[in-house]
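Peer 1: Please find one structure pasted underneath; my questions will follow.
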């Protein structure tokens, strides 16, 4: 099954244009939507999850018209929003059983089997009797995935899932997500480059409501080979470097400023460094990278 997004636009009543003619083809597997906060990621996720209406454009999931057949979409949708509430005094097992009823799994034995399988898959079986109010952030996120997986969805939407997780919980959560893309479309929306780098076979970068780059991560990185240059400079000299070169990112290292510069030619005083997905992201955001690379799914 394939998700086709064609010329989707959305403007809010306050005049903010959240999406501008967004077009993407998203195949089975993990697909990353990468962009800064406020780029339009969550608006697109809510439209795909049938929670908002676009002003224009079409979306299809296989043969389903996402905009006009919302009930059909919801039958095959799993959605983990950026923020979701839980009943703090209810156990994970009880609440997941309740959601299973709402999903149409009415026989008790079937629900028991599904609930147990999902709690084991999300590594929550040992704490299934614990009240959700006592769960850590990572445990709550994994419970959210368990809820989203009810009914074997063909489309999974996961919005900013690792924000606020500690490193160990983030690794556990990413390992869980990596298992989900075998038989369904899994759309991961995030501002964390490493999440996409570790999980996704294709990705798009969105900024100010527009897709500024779409590619296979490995091919996008390959496309920057020989074009990323690094130099350690004193902070006071940074404005001069910005005037002379196309700086894509700066970061502190031991109290000194490290700049990454995009250039197709050798730069005196700079060292060439192997590019990574962060360089792809910042190059695309700065407008130094073509919009589309790699094979486009048919």
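Every number here is computed from the coordinates shown, using simple stated rules; none is lab data. Just so it is clear, the model here is predicted, and its values are computed rather than measured. Virtual Cβ from ideal backbone geometry, glycine too; neighbours counted across all protein chains shown.
Peer 1: Simple spin-label model, 7 Å along Cα-to-Cβ: residue 171 to residue 216 in nm?
Peer 2: Modelled inter-label distance: 2.8 nm.
Peer 1: Percent relative contact order of the chain, based on C-alpha pairs within less than 8 angstrom and at least six residues apart?
Peer 2: 21 percent
Peer 1: Something else about it: Before anything else, pin down the relative contact order of the range 226-273: Cα pairs under 8 Å, at least 6 apart, normalised by residue count, whole percent. If you can, show how the numbers build up before the last one.
Peer 2: Details: 74 pairs, mean separation 26.2, N = 48.
Answer for the range 226-273 is 55 percent.
Peer 1: Quick check on the range 1-110: what are the equivalent-ellipsoid semi-axes from the Cα gyration tensor, as sqrt(5λ), descending, whole Å? Intermediate results must be reported in sequence, preceding the final value.
Peer 2: Values: eigenvalues 171, 66, 34 Å².
One finds semi-axes of 29, 18, 13 Å for the range 1-110.
Peer 1: Looking at the chain only, what percent of DSSP beta bridges run antiparallel? Nearest 5 please. Working shown, then result.
Peer 2: On the way: 34 of 54 bridges.
Within the chain, antiparallel bridges account for around 65 percent of the total.
Peer 1: So what's Rg/Rh here for the chain, counting alpha carbon atoms and using the Kirkwood radius for Rh?
Peer 2: Rounded to two decimals, Rg over Rh is 1.03.
Peer 1: Label the range 226-273 by shape, choosing from rounded, prolate and oblate, from the square roots a ≥ b ≥ c of the eigenvalues of the Cα gyration tensor; if a/c is under 1.5 it is rounded, and otherwise prolate applies when a/b is larger than b/c, oblate when it is not.
Peer 2: It is prolate, given that a/c is not under 1.5 and a/b is the larger ratio.
Peer 1: So what's the range 46-182 giving for Cα Rg divided by 2.2 N^0.38 Å, two decimals? Intermediate results must be reported in sequence, preceding the final value.
Peer 2: On the way: Rg = 15.5 Å, N = 137, 2.2 N^0.38 = 14.3 Å.
So the range 46-182 has a normalised radius of gyration of 1.08.
Peer 1: Run lengths n ≥ 4 of DSSP H only: what is the helix-derived mean residue ellipticity at 222 nm for the chain, with -39500 (n - 2.57) per run over all residues, to the nearest 500?
Peer 2: Working: 10 runs with 92 residues, N = 298.
Computed mean residue ellipticity for the chain: -9000 deg cm²/dmol.
Peer 1: Could you work out how much longer the chain between residue 230 and residue 17 gets when fully extended? Use 0.36 nm per residue separation minus the Cα distance between them, nm to one decimal.
Peer 2: The span from residue 230 to residue 17 would gain 73.1 nm if fully extended.
Peer 1: Decide, for the range 85-160, between rounded, prolate and oblate: order the square roots of the alpha carbon gyration tensor eigenvalues as a ≥ b ≥ c, take rounded if a/c falls under 1.5, and otherwise choose prolate if a/b is larger than b/c, else oblate.
Peer 2: oblate
Peer 1: Rg/Rh for the range 1-44 to two decimals, with Rh computed the Kirkwood way over all alpha-carbon pairs.
Peer 2: 1.01
Peer 1: Shifting gears a bit: For a Förster distance of 25 Å, can you work out the FRET efficiency between the beta-carbons of residue 286 and residue 240, rounded to the nearest 0.05? Walk me through the numbers before you get to the answer.
Peer 2: On the way: r = 18 Å, r/R0 = 0.73.
With a Förster radius of 25 Å, E is 0.85.
Peer 1: So how do 271, 2 line up by other beta-carbon neighbours within 10 Å, fewest first? Walk me through the numbers before you get to the answer.
Peer 2: Working: 271 10, 2 13.
Final ranking by Cβ density, sparse to dense: 271, 2.
Peer 1: Let me ask something else about it. Arrange the following residues from fewest to most other Cβ atoms within 10 Å of their Cβ: 125, 229. Please list the in-between numbers first.
Peer 2: On the way: 125 15, 229 22.
Taking fewest neighbouring Cβ atoms as first place, the list is 125, 229.
Peer 1: Where the centroid of each part is defined by its Cα atoms, how far is the range 181-241 from the range 161-180 in Å?
Peer 2: When both Cα centres are located, 19 Å separates them.
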